[in-house]
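Trainee: Below: one structure in structure tokens.
The values are calculated or read from the model by the stated rules, or taken from the named source; none is laboratory data. Keep in mind that what you see is a predicted model, and the values were worked out from it rather than measured. A quick note on method: Cβ atoms are made from the backbone with ideal geometry, for glycine too, and the neighbour counts reach across all protein chains shown. These accessible areas exclude ligands, DNA and RNA; they are computed on the full protein's heavy atoms, side chains included. Shrake-Rupley method; radii C 1.70, N 1.55, O 1.52, S 1.80 Å.
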Amino acid sequence: MTENKIPVGPFHPLLEEAEYFELKVEGEMVVDIDMEIGWMHRGHEFISESKAFTQSIYLVERICGICSTSHPLACVHAIEDIDNIEIPMRARYIRTLIGELERVHSHLLWLGLAGHFIGYDTLWMWAWKYREPVLEMFEAISGNRNHYGMMRVGGVAKDVESEKIPHLLQILDEIDRKMEMIAKAAHDDPVLKSRLKGVGVLKKADAIAYCAVGPTARASGLAIDVRKDEPSDAYDLVDFNIVVLPNGDVYDKLVVRLLEIIESNKIIRQCLEQLKTVPGPILNNVKEITPGEGIGRYEAPRGEVFHYIKSDGTNRPVRHKVRAPSYVNIPTFMASCKGIPVADALITLAAVDPCYCCTERALRVVNAGSEHLDLLALSRAKTEQLRREIYGK
Amino acid sequence: MGWYKRRLAKSLWVFHVSGSPCNNCDIEILDLLTPKYDVERFGIKLVGSVRHADVLLVTGVFNQKIAPRIKRIYEQAPKPIFVVAIGTCTSGTCCFKDSYNIVPDREAVIPIDVYVPGCPPKPEAMIEAVAKLIGVLNG
Ligand code: SF4
């Protein structure tokens, strides 16, 4: 039998990486997958080495627009690690607040896109509609919808004024209610369940072998979370649980993210309550960074992000290394995509991370016989068929 | 030519190309489609293939690897096509000026008609850009 190849991409930006996927198929089944990255490479590490520390924070914020707090946060952790800089209590709460708000908006974004890929545009519109209040909260706190520019070495850039907190809590109540509704709707929906259950399974052993992190790992039964394992900022002062599910399929990844949103809301509420009373400065004045090395970790919405900074006593890093979570999560496709039907491939690829450009770019895929087939339509047709089977119409 | 352009100005279909952005501009573009901004009520629709598009929305600084692809997309598009560059990245390289991997002149890759600066620009600004484009097309 001749081997057919389905190219997906190259536009597919997840974090700083855009990928080109090549699915090798035999009939309906995916037998192998190959990928190529580098479409989004802009040389952050190199540029960072020519910038001052404060400018580096601005720069790493622009690695990724979806987790535009995780990178700066890991970066300032790394710089603070060189000199063991203490940060004020109030700043710790604000950092955690921003980090968790970002997790909520990122997971909602993913949820919407996942819905879009399987033909649930209602879910897409819903999830993105309820994502707007989160962005509103960001705008109220930092002045910008995305790219908040809140992190500084030794604290944060902007205070959350106490007059704003009742209003923010009000928005949070609203988000909470909507989240419960979406979680319940997604949980009770028989079509969603039968469409996603058992699809693209990443076994626990594979998750360990490929060093998966974040929700991808937690949905495969691996309880790893930097927030618990090495709490920084206010994570050891707030009460929350990490969500771990055993099955490793796309459905579990969805549920993990939904439950994490609810957990994050809990953290946000605690932070806001604390910010009503916790006094103090928000920024310690850091005059210089001594020579040395530092590492910074933070649990981004997609998993652990890692920064390494080496300083030689000047105001710039001599070496700045970044490892983003998707970089380790993407190779898990090798395990999760083999042996599944082509119609499930798109959602399995998307389950690790949002990939909206995939929507546009995966539309026209050509197999070796040069007939056109539409991956998105294929994925949606399967959902439709299941819906008919379940509701009998 | 006037009627030809006016014909385009009724409802613009847009295609979105990301040339090494940080994703944020792209999310904000998708945000336009969702209930809060809902640009479909103006007839602006995001389409899945460049062959159906009247407007190209490009984001990002264009690295060396992606620039030929963007050029190819532009060549595949039916003319006339209008290119709207979203974000400071495309207008002025943002903070990536010193990078070894970006193309120095993005206008050399594809001609750009409208620039929307901002990092990322607010969705309102993007709507205004496209609305202005419609205004110009209508003369
Ligand atoms: S302009 Fe800003 S938000 Fe837009 S892609 Fe560039 S860095 Fe990202």
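Trainee: Would you work out the relative contact order for chain A, in percent, from Cα pairs under 8 angstrom that are 6 or more residues apart?
Mentor: 27 percent
Trainee: Compute the whole-percent fraction of alpha carbon pairs in segment A:55-137 spaced more than 14 Å apart.
Mentor: The proportion of pairs with Cα distances above 14 Å equals 69 percent.
Trainee: Follow-up question, since we're still on this one. Can you give the Rg/Rh ratio of segment B:2-137, where Rg is from the C-alpha atoms and Rh is the Kirkwood radius?
Mentor: Radius of gyration over Kirkwood radius for segment B:2-137 works out to 0.95.
Trainee: In the protein assembly as shown, what percent of the accessible surface is made up of carbon and sulfur (1.4 Å probe, ligands and nucleic acids excluded)?
Mentor: Whole-percent figure for carbon plus sulfur exposure: 53.
Trainee: Tell me the total accessible area that A and B bury against each other, 1.4 angstrom probe, in square angstrom rounded to 100.
Mentor: Chains A and B together bury approximately 3700 Å².
Trainee: Still on this model: Could you tell me how many degrees, from 0 to 90 and to the nearest 10, lie between the Cα long axis of helix B:67-76 and the main elongation axis, the longest principal axis, of the Cα atoms of chain B?
Mentor: Tilt of helix B:67-76: around 20 degrees.
Trainee: Determine the dipole magnitude for the protein assembly as shown: charges of +1 sit on the beta-carbon of Lys and Arg, -1 on that of Asp and Glu, nothing else is charged, the reference point is the Cα centre, and the result goes in debye to the nearest 20.
Mentor: The dipole of the protein assembly as shown has a size of about 1260 debye.
Trainee: Sticking with this structure for a sec: Taking H placed 1.01 Å from N in the peptide plane, check which residues at least 5 places from A:E304 or on another chain put their amide H under 5 Å from its amide H.
Mentor: A:G214
Trainee: Next question. Between A:L346, A:L169, A:L254, where does the largest GNM mean-square fluctuation fall for chain A, given springs only between Cα atoms within less than 10 Å?
Mentor: Result: A:L169 has the largest fluctuation of those listed.
Trainee: Could you identify which residue out of A:I182, A:I261, A:I347 has the top mean-square fluctuation in a GNM of chain A using Cα springs shorter than 10 Å?
Mentor: Evaluated over chain A, the most mobile residue of the options is A:I182.
Trainee: Another question about this same structure. Which entries of B:K71/B:K97; B:K45/B:K71; A:K193/B:K45; A:K5/B:K79; A:K266/A:K382; A:K287/B:K122 have Cα-Cα distances beyond 26 Å here?
Mentor: Listed pairs above 26 Å: A:K193/B:K45; A:K5/B:K79; A:K266/A:K382; A:K287/B:K122.
Trainee: Hey, another quick one. Would you work out which of A:L283, A:C67, A:G198 lies farthest towards the positive end of the dipole of chain A, given +1 charges on the beta-carbon of Lys and Arg and -1 on that of Asp and Glu, about the Cα centre?
Mentor: A:G198
Trainee: Further, regarding this structure: In a Debye calculation with equal point scatterers on the alpha-carbon sites of segment A:44-359 and no solvent, what is log10 I(q)/I(0) at q = 0.14, 0.15, 0.16 Å⁻¹?
Mentor: -1.06, -1.20, -1.33
Trainee: Rounded to whole Å and sorted largest first, list the principal axis extents of the Cα atoms in segment A:234-279.
Mentor: The principal-axis extents, from largest down, are 45, 16, 9 Å.
Trainee: Could you grab the Rg to Rh ratio for the protein assembly as shown? Cα atoms only, Kirkwood for Rh.
Mentor: Reported Rg/Rh, Kirkwood definition of Rh: 0.96.
Trainee: Oh, and also: With a 1.4 Å probe and every protein chain left in place, work out the accessible area per residue of the protein assembly as shown in Å², rounded to a whole number.
Mentor: Per residue, the protein assembly as shown has 38 Å² of solvent-accessible surface.
Trainee: Using Cα springs under 10 Å in a Gaussian network model of chain A, which residue among A:G200, A:G339, A:G214 shows the largest mean-square fluctuation?
Mentor: Residue with maximal mean-square fluctuation among A:G200, A:G339, A:G214: A:G339.
Trainee: Structure shown: which of A:K129/A:K253; A:K158/A:K228; A:K158/A:K184 lie over 32 Å apart, alpha-carbon to alpha-carbon?
Mentor: Those over the limit are A:K158/A:K184.
Trainee: Going by Cα centres, segment B:34-96 and segment A:25-95 are how many Å apart?
Mentor: 25 Å
Trainee: In Å, what Kirkwood hydrodynamic radius results for segment B:60-139 from the alpha-carbon pair distances?
Mentor: Mean inverse Cα-Cα distance, inverted, gives 13.5 Å.
Trainee: Threshold 20 Å², probe 1.4 Å: give the residues of segment B:37-68, in number order, that are less accessible with all protein chains present than with their chain alone.
Mentor: The answer is B:G48, B:N63, B:K65, B:I66.
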